[in-house]
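Chemist: Provided herewith is a single structure, encoded as structure tokens, for subsequent inquiry.
FYI, it's all coordinate maths here, none of it is from the lab. Fair warning: this is a prediction, and the values are worked out from it, not measured in the lab. Neighbour counts run over all protein chains shown; Cβ positions are idealised from the backbone, glycine included.
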């Protein structure tokens, strides 16, 4: 947790210090080393916790008006959770596509780090990381929200992913073929 606090301090300091530097046409500074929140590391750490404690993992899947539920294996849990780090937006050549903004919300005592891109070909469109900010206790990730998109011929897939730390995650997938209305699938996995 101490490392998270140091990381957040560095991010805030870097954000304040970059105002006078030359920026490229897309707003991302070419000279500044781009450091994004380590989403992959965080999610894999959460997976490790679930695996280590052999937590019971429940999956709820809703298609239209029908919901199915059941216990899933750790392998199935890992496969579903991989949506949150595939692709890894921290990879060189990818992370430079994203701009960071952050704001502190005093009413919920949290800091939100937002990463977004204007690159239409990027599959990850947006990432929001909400961190509880405590004056005395160590900072802790509260949640991660992501928006992804993929196109396959005339079909668009839109995904909204939400990870609530130490509790659950949810993936909402909308599939749109041509000009038809989207087909929605909601998958929720709980372990605590």
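Chemist: Order by neighbour count: 153, 35, fewest other Cβ atoms within 10 Å first, most last.
Modeler: Result, fewest neighbours first: 153, 35.
Chemist: Sorting 154, 119 on the 10 Å Cβ count, fewest up front, what's the list?
Modeler: Ranking 154, 119 by Cβ neighbours within 10 Å, fewest first, gives 154, 119.
Chemist: How would you classify the range 46-144 from its alpha-carbon gyration tensor, with a ≥ b ≥ c the square roots of the eigenvalues: rounded for a/c under 1.5, else prolate if a/b is greater than b/c, otherwise oblate?
Modeler: oblate
Chemist: Further question: Would you list 146, 58 from fewest to most Cβ contacts within 10 Å?
Modeler: Placing the least packed residue first, the sequence is 58, 146.
Chemist: Could I ask something else about it? So, R0 is 25 Å and r is the distance between the beta-carbons of residue 157 and residue 79; what FRET efficiency does that work out to, to 0.05?
Modeler: The formula returns an efficiency of 0.90 here.
Chemist: What is the ratio of the Cα radius of gyration of the range 102-190 to 2.2 N^0.38 Å, where N is its residue count, to two decimals?
Modeler: 1.32
Chemist: What nm value, rounded to one decimal, do you get for the distance between residue 41 and residue 61 when each label is placed 7 Å out toward the C-beta?
Modeler: Each label point lies 7 Å from its Cα, and together they span 3.4 nm.
Chemist: If you don't mind, there's one more thing I want to ask. Just report the Cα centroid separation between the range 32-104 and the range 129-159, whole Å.
Modeler: 9
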